[in-house]
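Step one of this worksheet: look at the structure below.
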Amino acid sequence: MDDRISLLPNETICHILSFLPTEDVYATSVLSKRWIPLYLSVPTLDIDDKRFVSSGKSYSNFMMMVCATLFAQMVPRYIEKKIGLRKVRISLYGGVEPSLFEKSLTAVAERGMEHLDLLLIVPQSPCYILSFRNLVVLKLKVISFREFPITIDLASLKILHLFRVYFKERWYLAEFLNGCPILEEIEAKDLSLKYDWGFHEQKGKFKKMHECGFHEHKEKFKKLPNLVKANLINLVPFYFTPPLTALCNVQFLRLEEVYDRAVFSNLTHLELVFGTTGADWYMVYGMLNDCPNLQNFVFDKPPLSESFDAGWYEQMELRVVPKCFSSQFRKCTIKNYRYEFGFVKYIMQNSTSLRCMALYTPASLDDPFEKLEILNELFSIRERTSTYEIVFI
């Protein structure tokens with residue numbers, strides 16, 4: 001049988017290989033002499049040791065492949081020919097020599113790497129990645145920044161995802177975001193910042209924090225003018241996350257805690273997520289009032305007791321109706337709906353542009369008679385107008 005694949009141009013073969021895991025790409029080097037250099041010309045790198053461990057093969061052989069691939073990025077002939085990787089995804093729970101990793105990744109970045117997805121368990125902080133100015137997409141997972149560079153240059157970065165990232169000092173996050181001047185999307189989940197106020201074993205460290213301007217750093221979050229989407233969930237401590245004024249240009253916003261105020265003139269989609277302690281209704285009202293052009297609102301909460309909704313309508317009925325209710329407001333979604341009747345009634349009676357009220361009951365609500373009673377209450381409000389539908393699940 002003819003080997004038609006080998007007859008294809010190198011560029012075509014490399015494009016095909018770019019969709020495969022790196023270990024499979026590496027294996028093609030044994031096919032023939034022609035294939036030996038091709039795996040190093042593939043524009044992507046996809047290394048995941050969890051995937052390899054599940055295959056039951058030798059982990060030591062896998063790490064040899066990883067080291068060989070990383071080392072090859074520093075070979076002079078590849079550097080001279082500008083053979084680079086546009087997209088790199090590396091997920092390593094096992095150890096890798098930090099110096100080798102830094103040098104190889106830096107060499108790739110210097111040749112135009114645009115997408116980096118990194119999960120790396122190493123004691124050293126990978127601060128060098130914060131100077132990769134060609135990056136457009138940066139996704140960091142399970143990484144600790146226990147030290148920080150003086151300057152950060154992510155001039156091309158548009159998408160930033162942080163998952164289980166730890167910052168030793170609180171002002172690190174501010175400096176991080178300030179180094180991303182054209183950022184369009186940020187997603188942060190399980191982010192943690194230093195909780196204490198700087199009382200360490202060495203007394204001089206606390207003094208040093210004040211000398212470098214600890215309180216000044218807190219205020220150094222700059223406005224992100226190009227930001228379109230922000231998703232901030234489970235940040236600890238939540239009150240030291242980016243101030244809402246830095247995010248005020250977004251069109252899509254998902255928050256677990258509302259920790260300050262800002263006017264969101266461009267916001268059309270808002271999701272508020274609450275934990276077991278419930279939500280402060282004044283906080284919910286404040287957010288709605290700060291979003292004059294809101295179109296979609298998602299109220300995401302766990303199943304709670306009846307006291308959760310106590311007094312909403314009485315507390316808010318005398319207040320000014322949020323401007324968004326009379327402009328472009330189209331859909332309201334409440335997850336785990338059960339005792340929020342006052343809130344729903346407030347929206348249904350005050351929104352002149354509402355098109356859909358979607359209510360999703362918790363799994364624990366399995367009584368059909370109770371559901372029917374709730375539905376009858378909702379339709380009793382709807383009688384005033386027939387311009388919107390009610391979705392009740």
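Of the residues making up the range 118-169, just one is crowded, with 17+ Cβ neighbours inside 10 Å, out of contact with any helix residue (DSSP H, G or I) (no Cβ under 9 Å at 6 or more places or on another chain) and over 19 Å from Glu187 (Cβ atoms), namely Ser125.
With among the charged types (D, E, K, R), more than 17 Å from the chain's Cα centre (by Cα) and either under 19 Å from Arg111 (Cα atoms) or modelled with pLDDT of 90 or more (or both) as the only criterion, which of Arg133, Arg146 stands out? Reasoning before the result, please.
Values: Arg146 fails: either under 19 Å from Arg111 (Cα atoms) or modelled with pLDDT of 90 or more (or both).
The match here is Arg133.
Of Lys323, Lys331, Lys335, which residue is surrounded by fewer than 17 Cβ atoms within 10 Å (Cβ to Cβ), within 30 Å of the chain's Cα centre (by Cα) and at pLDDT 85 or above?
On the way: Lys331 fails: surrounded by fewer than 17 Cβ atoms within 10 Å (Cβ to Cβ); Lys335 fails: surrounded by fewer than 17 Cβ atoms within 10 Å (Cβ to Cβ).
Just a single option satisfies the conditions, and that option is Lys323.
For Leu160, are the conditions met, namely being over 13 Å from Cys180 (Cα atoms) and assigned to a strand (DSSP E or B)? Spell out the reasoning first.
Values: over 13 Å from Cys180 (Cα atoms): no; assigned to a strand (DSSP E or B): yes.
Considered against the rule, which asks whether it is over 13 Å from Cys180 (Cα atoms) and assigned to a strand (DSSP E or B), Leu160 comes out as no.
Determine whether Gly84 is modelled with pLDDT of 75 or more, assigned to a loop (DSSP other than H, G, I, E, B) and within 20 Å of Phe132 (Cβ to Cβ). Talk me through it step by step, then tell me what you get.
Values: modelled with pLDDT of 75 or more: no; assigned to a loop (DSSP other than H, G, I, E, B): yes; within 20 Å of Phe132 (Cβ to Cβ): yes.
Taking the combined requirement at face value, the residue does not satisfy it.
Please tell me if Phe176 is of a type in the set (Phe, Trp, Tyr), within 20 Å of the chain's Cα centre (by Cα) and farther than 19 Å from Leu224 by Cα. Answer is no for this residue. Residues that are acidic (Asp, Glu) and either at pLDDT 70 or above or closer than 22 Å to Asn296 by Cβ (or both) within the range 368-393 comprise Glu370, Glu373, Glu377, Glu389, listed in sequence order. Applying the set (1) assigned to a loop (DSSP other than H, G, I, E, B); (2) modelled with pLDDT under 85; (3) closer than 25 Å to Tyr166 by Cα to Pro303 leaves exactly one unmet item: (3).
The values are calculated or read from the model by the stated rules, or taken from the named source; none is laboratory data. Please read all numbers here as calculations on a predicted model, not as lab measurements. Please note: Cβ atoms are built from the backbone with ideal geometry, for glycine as well, and neighbour counts cover all protein chains shown.
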